[in-house]
Amino acid sequence: MASTLPDPHPGARPTPADGGAASRAAERAGVEAHGIDHIPDSERRGRPRELFSVWAAANVTYLSLVVGGALVLMGLNLWQAFAVIVVGNLFWLLTGLLAVPGPVAGAPSEVVTRALYGVRGNRVNNAVTGWLISVCYFALNLAAAATAAFSLVDQAGLPVNSGTKAAVVVLIAAVTLAIGVYGHAAIVRLYLPITLALSAVFAVVGVAVLRHTDFGYAPGQPLTGTDLWAAGSAGIALIASGPLSYTTSADFSRYLPRSTPAKAVAGWTALGGFVPSVLVCGIGACAATAVDMNDPESSLQTLLPGWFRPVFLLALVLGTVALNALTSYSAGLALQAVGLRIRRTLSVLVDGAVAVSLTLYALLVSDFLDAVGDVLQLTVLLLGPATAVYATDILLRRNRYDGPALADESPGGPFWYTGGVNTSGALALTAGVAASALCVDSLYTGPVAAALGGVDLALPAGLVVTSGAYALLTARRRRSAPRAGRLPEQP
């Protein structure tokens, strides 16, 4: 029996406990009825190419500009920064692979990962790599959007005080959460026009930036040797943290028909993230050769025509809203998958309330988000290994997942394993995180990174160790339990 309370869906008979009248009204209003429950074939719809705009809209963002500029500030020349941007964004291929189980299982990533960790182990996984990290990213992105909106308020001649700031944050969050609450259909429908609008704005920004770009730019003291490798590895990890944060990409492919080709799902997802991320990060790197990207919002405006600056600021807000709507949607599913009996629509609002509280505290009281930002630099320690376990499982199973079986949380279910935990997944993840911690150079320097002069190999180390450990442990588990039979859900 499921430990969560899925929203009532078409075909289900509402009960008084369901709040029948309210749920029927929500359905008529177009609110997505499903939570983490299985999507039946009769409700599948869409084409894989729709995934391109879903991911593109969420990646034409202010943060991509900032990250691109940060690479030059780290001491890389322009062409080195371009190389790092391309390599780091190749990790979108993994995001595409993780979207592949969606149509087959008819389930979100938060449920598919029960195959990796077991029913109980997956609740811990969703609490940390799903819910906690998503809420922190939501808060950081909301703060970035609010900063751009504060400039708009100031240009409109209104006072930018604590009350105004609080109202702006709440307003942006309300728009974001409305998309998350309406859910999958609203995201698919809205994100194509959002992608087109943002592409038009950033095309103008790109032209303006390229007119001032110094393509021969090199820092005053060019990096060489170990210093160059250290900056390059740190930059790749910084760029890769974007695609690696989307271990939930099956959330947005699960409504596609079961027969949808896996290559199409992976390709459109990866392309939707890769193309805009490379272009927008590239614009940020180019801008850093002409203006001070320590204050990107103000500096970039000096390169733009006066009439276009409010449009640019609005685009920054819109892009962040699109990004955070995906984040809030997945965080809501993660909260359900943790085991709380809460409807998806309410779980999204709970996530939003927590994120708004963090953002307001940061902007009005302290520098809390600076600390959160530092902590998120270390999420590669978790996100890299978590991605590796998931990707390896997909390959070992040849993407054979049974959605209804994944929904079975009973002790006798196929994914209960031992005491509700798949030790293969848990041990592999632990080994990968440990390997990453030895090689990281961020808030602290691991012994391997110290021995290499600050070269951060946390990302490749975590990926390789986790994948290898999971493959070996899974093979050993199968050999030690020959009587278990051959289930399509077992690798």
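The values are calculated or read from the model by the stated rules, or taken from the named source; none is laboratory data. What you see is a predicted model; the values in this text were computed from it and never measured. A quick note on method: Cβ atoms are made from the backbone with ideal geometry, for glycine too, and the neighbour counts reach across all protein chains shown. Accessible surface areas use protein heavy atoms only, side chains included; no ligands, DNA or RNA. Shrake-Rupley method; radii C 1.70, N 1.55, O 1.52, S 1.80 Å.
Where in region 251-365 are there helices (runs of 4 or more DSSP H), lying fully within it, with 3 or more residues that are farther than 28 Å from G46 by Cα, open to solvent by 10 Å² or more (accessible area, probe 1.4 Å) and without any contact (Cβ under 8 Å) to a residue 12 or more places away in the chain? Steps first, please.
Numbers: elements: 262-287, 296-301, 309-337, 344-364.
In region 251-365, the matching helices (runs of 4 or more DSSP H) lie at 344-364.
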Item to check | Qualifying residue in region 417-434 (condition: in contact with a Gly (Cβ under 8 Å, 6 or more places away or on another chain), farther than 13 Å from G121 by Cα and at pLDDT 90 or above) | outcome: yes
Next on the checklist: Among the residues of region 170-215, what is the count of those that are open to solvent by 40 Å² or more (accessible area, probe 1.4 Å) and not aliphatic (A, V, I, L, M)?
Outcome noted: 8
Checklist entry - What are the residue pairs meeting all of these: first residue in region 117-143, first residue within 16 Å of Y417 (Cα to Cα), second residue open to solvent by 40 Å² or more (accessible area, probe 1.4 Å) and hydroxyl-bearing (S, T, Y), Cβ atoms under 6 Å, and 6 or more apart or on different chains? => result G118/Y417
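Looking only at region 371-379, decide whether some residue is open to solvent by 30 Å² or more (accessible area, probe 1.4 Å), at pLDDT below 90, touching a Ser or Thr at 6+ places or on another chain (Cβ under 9 Å) and outside any helix (DSSP H, G or I). Spell out the reasoning first.
To start, the set of residues in region 371-379 that are open to solvent by 30 Å² or more (accessible area, probe 1.4 Å) comprises 371, 374-375, 377-378.
Checking the rest, the ones that are also at pLDDT below 90 come to 371, 374-375, 377-378.
Those left that are additionally touching a Ser or Thr at 6+ places or on another chain (Cβ under 9 Å): 374, 377-378.
If we keep only those that are outside any helix (DSSP H, G or I) as well, we get 378.
Yes, region 371-379 contains a residue that is open to solvent by 30 Å² or more (accessible area, probe 1.4 Å), at pLDDT below 90, touching a Ser or Thr at 6+ places or on another chain (Cβ under 9 Å) and outside any helix (DSSP H, G or I).
Tell me, please, whether a residue that is on the phi > 0 side of the Ramachandran plot and in a helix (DSSP H, G or I) can be found in region 220-229. Spell out the reasoning first.
Here is the first cut: in region 220-229, the residues on the phi > 0 side of the Ramachandran plot are 225.
Filter once more, so that each one left must be in a helix (DSSP H, G or I): 225.
Yes, there is a match, as at least one residue in region 220-229 is on the phi > 0 side of the Ramachandran plot and in a helix (DSSP H, G or I).
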Next on the checklist: Take the residues in region 128-169 that are part of a helix (DSSP H, G or I), surrounded by fewer than 16 Cβ atoms within 10 Å (Cβ to Cβ) and among the hydrophobic types (A, V, I, L, M, F, W, C); name whichever of them is farthest from the chain's Cα centre (by Cα).
Outcome noted: A167
Checklist entry - With respect to G413, is the statement that it is open to solvent by less than 20 Å² (accessible area, probe 1.4 Å), of a type outside the set (D, E), modelled with pLDDT of 90 or more and not in a helix (DSSP H, G or I) true? => result yes
Checklist outcome for this item: Flagged pairs (Cβ under 7 angstrom, 6 or more apart or on separate chains; first in region 44-65, farther than 11 Å from Y191 by Cβ and touching a residue at least 12 places away in the same chain (Cβ under 8 Å); second assigned to a loop (DSSP other than H, G, I, E, B) and of a type in the set (K, R)) are R44/R258
Next on the checklist: When you scan region 75-85, do you find a residue that is assigned to a helix (DSSP H, G or I) and within 16 Å of the chain's Cα centre (by Cα), even just one?
Outcome noted: no
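Please work out if V31 is without any contact (Cβ under 8 Å) to a residue 12 or more places away in the chain and more than 24 Å from L238 (Cβ to Cβ). I'd like the intermediate steps shown before the answer.
Numbers: without any contact (Cβ under 8 Å) to a residue 12 or more places away in the chain: no; more than 24 Å from L238 (Cβ to Cβ): yes.
So V31 does not fit the description; no.
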Checklist entry - Residue check, G30 against (1) farther than 27 Å from L463 by Cα; (2) crowded, with 22+ Cβ neighbours inside 10 Å, all met but one. Which one? => result (2)
Next on the checklist: Return the residues of region 113-128 that are of a type in the set (A, V, I, L, M) and under 21 Å from N399 (Cα atoms); say none if nothing qualifies.
Outcome noted: A115, L116, V119
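Yes or no: region 473-483 includes at least one residue that is of a type in the set (A, V, I, L, M, F, W, C) and part of a helix (DSSP H, G or I).
Pass one, region 473-483, residues of a type in the set (A, V, I, L, M, F, W, C): 473, 475, 481.
Keeping just the survivors that are part of a helix (DSSP H, G or I) gives 473, 475.
Yes, because at least one residue in region 473-483 is of a type in the set (A, V, I, L, M, F, W, C) and part of a helix (DSSP H, G or I).
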Next on the checklist: Restricting to region 422-465, give me the number of residues that are open to solvent by 60 Å² or more (accessible area, probe 1.4 Å) and in a loop (DSSP other than H, G, I, E, B).
Outcome noted: 4
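With the condition kept exactly as written, say whether any residue in region 86-100 is outside any helix (DSSP H, G or I), touching a strand residue (DSSP E or B) at 6+ places or on another chain (Cβ under 6 Å), buried (at least 24 other Cβ atoms within 10 Å of the Cβ) and touching a residue at least 40 places away in the same chain (Cβ under 8 Å).
Of the residues in region 86-100, the ones outside any helix (DSSP H, G or I) are 90-91, 100.
Those left that are additionally touching a strand residue (DSSP E or B) at 6+ places or on another chain (Cβ under 6 Å): none.
Looking through region 86-100, none of the residues is outside any helix (DSSP H, G or I), touching a strand residue (DSSP E or B) at 6+ places or on another chain (Cβ under 6 Å), buried (at least 24 other Cβ atoms within 10 Å of the Cβ) and touching a residue at least 40 places away in the same chain (Cβ under 8 Å).
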